[in-house]
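The values are calculated or read from the model by the stated rules, or taken from the named source; none is laboratory data. From a predicted model like this one, the values you see are computed outputs, not experimental measurements. With ideal geometry, Cβ positions are generated from the backbone for all residues, glycine too; neighbour counts draw on all protein chains shown.
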Amino acid sequence: MAISIKRAERRVTLCLDGELFAKYEDADARLKEAMRKQSVDGRLNGPVAAIQKEVHALFEAQRNASVTFVVRALPRVDWDALVAAHKPREKNELDADAGFNIATIFDAAMSHEKPTAIVRVTDSEGVAQDFKPSDWQALSDEMSRSQYVEFQNAVNTLNRGDNEIPFSHAAFKTSQGSAGKSK
């Protein structure tokens, strides 16, 4: 029997409208303040319900303005070739620690064509979006550092990190139907 492998994958969600998060934070802060005031005096007929609706609407707007990338680890030989091609910069401690040029390798990995690191991109409804590895550079150039770091972390974890099978304590507990009966 031949053994085959499916390389590890990670999901990275990118909100394409960064302004929505600031609006969400503002509404969430107003909601917390309104709830605090309401808890001080329950007789106050504050705006909590209206702000809760606003917070929920902004959360949904962020979700609707987001796409999800499924990123897959590259085969070891392809990753090793990228590492060799993106040598650490001289006198750069971060590069020295990583063993490669951290300023260039992640874009190269995400732009990798065969095999591709980008498995698929879907919108908030799960509909596949037309996105090719060659589209990556233009998109990544427009990202904030914070947004880009999410992709760096995924690529780094997939290709260099710990890819153990995840364990969910919550799922494990729900599968223990006889746990209450055991001694």
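Points worth noting:
- Of the residues Arg63, Arg7, the single one that is under 30 Å from Ala108 (Cα atoms) and assigned to a loop (DSSP other than H, G, I, E, B) is Arg7.
- Hits in the stretch 121-164 (condition: under 18 Å from Cys15 (Cβ atoms) and of a type in the set (Lys, Arg)): Arg145
- Near pairs, Cβ below 8 angstrom, 6+ apart or cross-chain, from the stretch 1-17 (without any contact (Cβ under 8 Å) to a residue 12 or more places away in the chain) to any residue that is polar (S, T, N, Q): none
- The sole residue among Gln152, Gln176 that is at pLDDT 90 or above and either at negative phi or surrounded by 12 or more Cβ atoms within 10 Å (Cβ to Cβ) (or both) is Gln152.
- Candidate set from the stretch 17-69 (those that are among the hydrophobic types (A, V, I, L, M, F, W, C) and under 18 Å from the mean Cα position of the chain (by Cα)); member that is modelled with the lowest pLDDT: Phe21
- The C-beta contact set for the stretch 125-142 (first residue assigned to a loop (DSSP other than H, G, I, E, B), second residue of a type in the set (S, T, N, Q), distance under 8 angstrom, 6+ apart or interchain) comprises Gln129/Thr122.
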